[in-house]
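A short reminder: the numbers here are calculations on the coordinates, not readings from a lab. What you see is a predicted model, and the numbers here were worked out from it, not measured in a lab. Quick reminder, even Gly has a Cβ in these numbers, built from the backbone with ideal geometry, and neighbours come from all protein chains shown.
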Amino acid sequence: MTNHKNGNRYTDDFRKMIVDLYHTGQPVKDLSGEYGVSEVTIYAWIKKFNPVELEDGSSMTPDDYAKLQKQMLKLQEENEILKKAMAIFAKK
């Protein structure tokens, strides 16, 4: 299988395909040999794309969680800016 690399990096579609193959029961060693990706890399992809179950029954990947954290920090920063602006306008 060629054209699965984008420069020096693998595409997300290729990574997800490897993880899906792993979840269907194919051993990491076989996937590594067949697709030319190190076992360590495949285990990292499995960790990255493996969903985590939440208390409410939903699930998300660690990647999704990191994106949500980043968005939350941005919103908190914007909120602080708005609070400071309100304090300035309240004085006038």
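The figures follow:
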quantity	calculated
Leading residue at positive end of dipole, the chain (Cβ point charges), from Q71, Y10, Q26	Q71
P(r) weight above 23 Å for segment 5-91, C-alpha pairs, percent	47
Computed label-point distance, nm, for sites K92 and T11 using a 7 Å Cα→Cβ extension	5.2
